[in-house]
């Protein structure tokens, strides 16, 4: 597959932040050594996203966090994935996050809104691709599995609390709002299997 080719994108919806998943179909890949975060995003957002992605992928993954809308629009136009809010580049092993994700991953500190859960869901989805998960439905299963644990690890959202229930309901809503090819019956109570060699 050509570099960064995509037939679908994560699209920013209306105020309900309806979810569209970004297709990055790739074979099993060998990740490049961790190169840290890059881009013009805030250091706090870059660091938080790098830690979230590493938790899901099981290894460090390079991330870029762009906070400037105009610069991000230029980047996704060049990558031929206009309106994307995040994408994984299998050629470099780097995950690129746009301004909306960089902002919402920090806003999650103030409570678990649909927007902040969406940021965690998308970060986990792209981290699954970085770990070698090629199927979009499987990547969404990873995101669905990880989102509550990420909320607990990084935002002190304890299990069996009202906030945790919101995270669960929002993440299921995101799965339901995904295109048909991204929805499947996910394993209940256990992590999706990792690709061989991941």
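Failed condition for residue 103, given (1) more than 17 Å from residue 72 (Cα to Cα); (2) out of contact with any strand residue (DSSP E or B) (no Cβ under 7 Å at 6 or more places or on another chain), with all others met?
Here residue 103 meets the rest and fails (1).
What is the number of the single condition among (1) surrounded by 15 or more Cβ atoms within 10 Å (Cβ to Cβ); (2) closer than 19 Å to residue 65 by Cβ; (3) modelled with pLDDT under 90 that residue 155 does not meet?
(3)
Mind checking which residues of the range 43-64 are over 21 Å from residue 156 (Cβ atoms), in contact (Cβ under 8 Å) with a residue 60 or more places away in the chain and more than 13 Å from the chain's Cα centre (by Cα)?
Selection gives 58, 59.
Under 7 Å between Cβ atoms, which residue pairs at least 6 apart in sequence (or on different chains) link something in the range 67-83 that is over 12 Å from residue 99 (Cα atoms) with a partner that is assigned to a helix (DSSP H, G or I)?
Final answer for the pair search is 82/76.
Looking at this structure, is residue 135 touching a strand residue (DSSP E or B) at 6+ places or on another chain (Cβ under 6 Å) and modelled with pLDDT under 90?
Judged against the criteria, residue 135 is not a match.
Answer yes if at least one residue in the range 74-81 is at pLDDT below 95 and in contact with a helix residue (DSSP H, G or I) (Cβ under 6 Å, 6 or more places away or on another chain), and no otherwise. Steps first, answer last, please.
Of the residues in the range 74-81, the ones at pLDDT below 95 are 74-81.
Keeping just the survivors that are in contact with a helix residue (DSSP H, G or I) (Cβ under 6 Å, 6 or more places away or on another chain) gives none.
Checked against the condition, which is being at pLDDT below 95 and in contact with a helix residue (DSSP H, G or I) (Cβ under 6 Å, 6 or more places away or on another chain), the range 74-81 yields no hits at all.
Quick check on residue 50: is it out of contact with any helix residue (DSSP H, G or I) (no Cβ under 6 Å at 6 or more places or on another chain), at pLDDT 95 or above, closer than 22 Å to residue 128 by Cβ and surrounded by 15 or more Cβ atoms within 10 Å (Cβ to Cβ)?
Spelling it out, residue 50 is indeed out of contact with any helix residue (DSSP H, G or I) (no Cβ under 6 Å at 6 or more places or on another chain), at pLDDT 95 or above, closer than 22 Å to residue 128 by Cβ and surrounded by 15 or more Cβ atoms within 10 Å (Cβ to Cβ).
Here is a yes/no grid of residues against (1) under 21 Å from residue 183 (Cα atoms); (2) surrounded by fewer than 19 Cβ atoms within 10 Å (Cβ to Cβ):
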{"position": "74", "(1), (2)": "no, yes"}
{"position": "79", "(1), (2)": "no, yes"}
{"position": "85", "(1), (2)": "yes, no"}
{"position": "95", "(1), (2)": "no, no"}
{"position": "99", "(1), (2)": "no, no"}
{"position": "112", "(1), (2)": "no, no"}
{"position": "144", "(1), (2)": "yes, no"}
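The values are calculated or read from the model by the stated rules, or taken from the named source; none is laboratory data. On a predicted model such as this, the values are computed, not experimentally measured, just so you know. Positions of Cβ are generated from backbone atoms using ideal geometry, with glycine treated the same way; all protein chains shown enter the neighbour counts.
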